[in-house]
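Below: the structure, in structure tokens.
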């Protein structure tokens, strides 16, 4: 990325823009697309441009730039790609200053998006800086896990924030920022879960969607599954992958015959799961698939996270429940005997499956907005 030509966003397609959506990687593209589709269903005449991915384009936004091609994980990767992110921020601010959308909605991806919001205020473009562009944010950064002081910068730079966990509203109570719980996107009526629970199904191995994470986590998951097979429990396994690049990366690991690859998009029913701590872990938790979280990263990122993070768990389901629905195995703890032991329990202990099912029901109940308010309702009220 550092050797790429200067980034230049195209002019809006066909006239002035009502809303610019700025999303990041695959999950942000998915969540933003649902929001845009709901918004256009309520206000079909709106003109929407986006930095995001193919799902935003399919939802009706004019895609200015596909950001799903670069997903970074770890402090080192961020540093190496800093020139690109700096150029992206500068070009996005320039585009907004040139084309003046009525509102900008940032979706997740706080490292880039909060810097854009700050630059818009400092340059007098946003309403918070004396300009005309309303600045909105959907899916709060995890200030409850680390760097809680960001909430005051967000209050200075944003007009409204929509959060997907009910407890997050209280996290901003001392800031004056308008915050609304709009329910979790995985509880939307049109949500099609990518996974389901089936005691007779294969084991699911989910190393993530980012190349760096997959390179570190997939070998640990495969080693845990191989240890299970050596113990005499014969099962098949499925690894979900989001792109051909990740598929090629996984194939390069030399997969055993019991393990097959399946592209995300076609649902899979699983008996147990070993998963990274990302979005897919939440899909699995809501589906009630018993399992465990395995996470590995580079040493520098791990040490920085140990210093910054102030929550007892990595998995969001564990954080919400306040208990380990998915036991977590981090760094060297994600070893073959430990992961195989978890799979054995998930496959053979009926009480483990029953407990996971009850925890999944509890999660689903807490993630629905009781008044039925959605992200599309929120943004429809906030775009002039």
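The values are calculated or read from the model by the stated rules, or taken from the named source; none is laboratory data. As the structure is a prediction and not an experimental result, all values here were calculated from the model. With ideal geometry, Cβ positions are generated from the backbone for all residues, glycine too; neighbour counts draw on all protein chains shown.
Which residues, counting only those in region 260-286, are in contact with a helix residue (DSSP H, G or I) (Cβ under 7 Å, 6 or more places away or on another chain), part of a strand (DSSP E or B) and surrounded by 22 or more Cβ atoms within 10 Å (Cβ to Cβ)? Selection gives 272, 273, 274, 275.
For residue 39, indicate whether it is modelled with pLDDT of 95 or more and in a helix (DSSP H, G or I). Judged against the criteria, residue 39 is a match. The residue that is nearest to the chain's Cα centre (by Cα), among those in region 56-88 that are modelled with pLDDT of 95 or more and not in a strand (DSSP E or B), is 56. When residue 268 is tested against (1) out of contact with any strand residue (DSSP E or B) (no Cβ under 8 Å at 6 or more places or on another chain); (2) under 20 Å from residue 339 (Cβ atoms), exactly one condition is not met: (1).
Of the residues examined, residue 196 is one that is over 26 Å from residue 377 (Cβ atoms) and under 23 Å from the mean Cα position of the chain (by Cα). Apart from one condition, residue 211 fits all of (1) within 24 Å of residue 283 (Cβ to Cβ); (2) surrounded by fewer than 22 Cβ atoms within 10 Å (Cβ to Cβ); (3) in contact with a strand residue (DSSP E or B) (Cβ under 6 Å, 6 or more places away or on another chain); the exception is (3).
Filter region 231-245 for residues that are surrounded by 11 or more Cβ atoms within 10 Å (Cβ to Cβ) and out of contact with any strand residue (DSSP E or B) (no Cβ under 9 Å at 6 or more places or on another chain) and give the result.
Step one: of region 231-245, the residues surrounded by 11 or more Cβ atoms within 10 Å (Cβ to Cβ) are 231, 233, 235-243, 245.
Once the filter is applied, which keeps residues that are surrounded by 11 or more Cβ atoms within 10 Å (Cβ to Cβ) and out of contact with any strand residue (DSSP E or B) (no Cβ under 9 Å at 6 or more places or on another chain), region 231-245 yields 231, 233, 245.
Residues satisfying the criterion are present in region 157-164 (criterion: part of a helix (DSSP H, G or I) and in contact with a helix residue (DSSP H, G or I) (Cβ under 7 Å, 6 or more places away or on another chain)). Residue count for region 312-370, restricted to those that are surrounded by 21 or more Cβ atoms within 10 Å (Cβ to Cβ), in contact with a strand residue (DSSP E or B) (Cβ under 8 Å, 6 or more places away or on another chain), touching a residue at least 40 places away in the same chain (Cβ under 8 Å) and part of a loop (DSSP other than H, G, I, E, B): 2. Here is the figure for region 153-178: residues that are loosely packed, with under 15 Cβ neighbours inside 10 Å, over 19 Å from residue 376 (Cα atoms) and under 23 Å from the mean Cα position of the chain (by Cα) total 2.
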